[in-house]
1. Which ones in segment 66-105 are modelled with pLDDT under 70, in contact with a His (Cβ under 9 Å, 6 or more places away or on another chain) and under 21 Å from Asp36 (Cα atoms)?
2. All but one of (1) assigned to a strand (DSSP E or B); (2) modelled with pLDDT under 90; (3) not small (Gly, Ala, Ser) hold for Pro253; state the number of the condition that does not hold.
3. Of the conditions (1) at pLDDT 80 or above; (2) closer than 18 Å to Pro261 by Cα, Arg62 satisfies every one except a single condition; which number is it?
4. Output the qualifying pairs, or none if there are none: Cβ atoms under 7 angstrom, residues six or more apart or on different chains, first residue in segment 258-277 and on the phi > 0 side of the Ramachandran plot, second residue surrounded by fewer than 21 Cβ atoms within 10 Å (Cβ to Cβ) and hydroxyl-bearing (Ser, Thr, Tyr).
5. For Val178, are the conditions met, namely being farther than 29 Å from Asn289 by Cα, open to solvent by less than 30 Å² (accessible area, probe 1.4 Å), β-branched (Val, Ile, Thr) and assigned to a strand (DSSP E or B)?
6. Restricting attention to segment 220-243, which residues are crowded, with 16+ Cβ neighbours inside 10 Å and assigned to a loop (DSSP other than H, G, I, E, B)?
7. What do you reckon, is Pro259 at pLDDT 80 or above, closer than 30 Å to Leu170 by Cβ and buried (at least 16 other Cβ atoms within 10 Å of the Cβ)?
Amino acid sequence: MKNFSIVGTRLAAAALFTCAAMAGAHAAPGSDFRPDAPDQHVVVKGDTLWGISGTFLNSPWRWPEVWGLNKDEIRNPHWIYPGQIIYFDRAHGRLSLHKPGEGGAGDAQGEPPELRMSPQLRTEALGKDAVPAIPAAAIEPFLSQPLVVEADELAGAARIAASPEGHMYLGKGDKVYVRGDLNGGSSFQVFRPGTPLTDPESGKVTAYQATYLGTVALQAPARGGADVHTFVVASSNREMGVGDLLVPAPPTPIRNYAPHPPERPVKARVMSIYADVAQAAQSQVVTVNKGSVDGLDIGSVLQLYHYGQTVTDPGSKGFLGLFRKKIKLPDEQFGTLFIFRVFKHVSYGLIMQVTEPVRVGDVANSPE
């Protein structure tokens, strides 16, 4: 892939890929090239790393592994720009920025050449026009505003207790009084608990899909015998009022998404589909019933399965036609889910590829 760079002390690995089946080196399972892979691809505006990798690889989410990135490098920014050409070197089973036979040092041994930073390389605004890892527009609205609020957060959340003028509804610039422990925070999102998220396995409500109302900024902490902190409404998405709750504003979202398997096996279920529709397709967002405590982090990839039904065994006679044995059908894989925002017990996932619609209750497991 073109002009692949890693920001840091090392700017290496010129978008080179290896494949065990073709080059004899050890490669990640499933990282084989597609039989119909083209000889080259010209990167254009609108491409994504995932999409480009899918042109060449059967499992496009494995591109960091196939590029030979280690764990630290996967966490760093990497950039490819429109106009670059990616060549498929079939003899060595890799992709490169060089035409086959025209690579730099290392070709004789079948090893990829290394690119190093030089004064000619531009470093200002690096990444501004770079190709994103996944479709950024699909997840941008979910990075900071939609909220998943878990039961323990709900119980301990600070809340708007009053306004100086006794206003029922508040907007940008209004002063508000907040009651509760701020835990050292000064910037908060304001929310109203909404749709409960029920775990398909336990049947219990584990969190709430909250309605985002806006943000407030601390003006003065409680002092002089006062029971409330003074805040100012910094932004207003909807009218907020007395009783609405506060949650600390999240850190600046990570926009460099490198797909990888969870660090430990994860067996999750789809809890809800955003916008409360019955089914979801590619590029839509769902929540799953696992989060950071379960081993998920930003960039984790899960495989989607339809949950295998339990049906009556046709070979079972039972008693007078009753009490016939049941058999469990296998879960059928039909797509891939990319985790892009993680809470404690719940995560947001972007549907990447599916052959059938996603439904609540579907299984989302670590890649095999």
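1. Trp67, Leu95
2. Checking Pro253 against (1) assigned to a strand (DSSP E or B); (2) modelled with pLDDT under 90; (3) not small (Gly, Ala, Ser), the one that fails is (1).
3. Against the list (1) at pLDDT 80 or above; (2) closer than 18 Å to Pro261 by Cα, Arg62 comes up short only on (1).
4. If the second residue must be surrounded by fewer than 21 Cβ atoms within 10 Å (Cβ to Cβ) and hydroxyl-bearing (Ser, Thr, Tyr), the pairs left are Asp276/Thr195.
5. Yes, satisfied.
6. Correct list: Val228, Val242.
7. Values: at pLDDT 80 or above: yes; closer than 30 Å to Leu170 by Cβ: no; buried (at least 16 other Cβ atoms within 10 Å of the Cβ): yes.
Criteria not met by Pro259.
Residue-by-condition table, conditions (1) more than 28 Å from Thr230 (Cβ to Cβ); (2) in contact (Cβ under 8 Å) with a residue 40 or more places away in the chain; (3) not small (Gly, Ala, Ser):
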position: Ala138; (1), (2), (3): yes, yes, no
position: Gln145; (1), (2), (3): no, yes, yes
position: Ala157; (1), (2), (3): no, yes, no
position: Ser163; (1), (2), (3): no, yes, no
position: Met168; (1), (2), (3): no, yes, yes
position: Lys172; (1), (2), (3): no, yes, yes
position: Lys175; (1), (2), (3): no, yes, yes
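The values are calculated or read from the model by the stated rules, or taken from the named source; none is laboratory data. Since the model is a prediction, treat every value here as computed from it, not as a measurement. So basically every Cβ, Gly included, is an ideal-geometry build from the backbone, and we count neighbours across all protein chains shown. Each accessible area value is taken on the protein alone, full model and side chains, heavy atoms only, with ligands, DNA and RNA left out. Shrake-Rupley method; radii C 1.70, N 1.55, O 1.52, S 1.80 Å.
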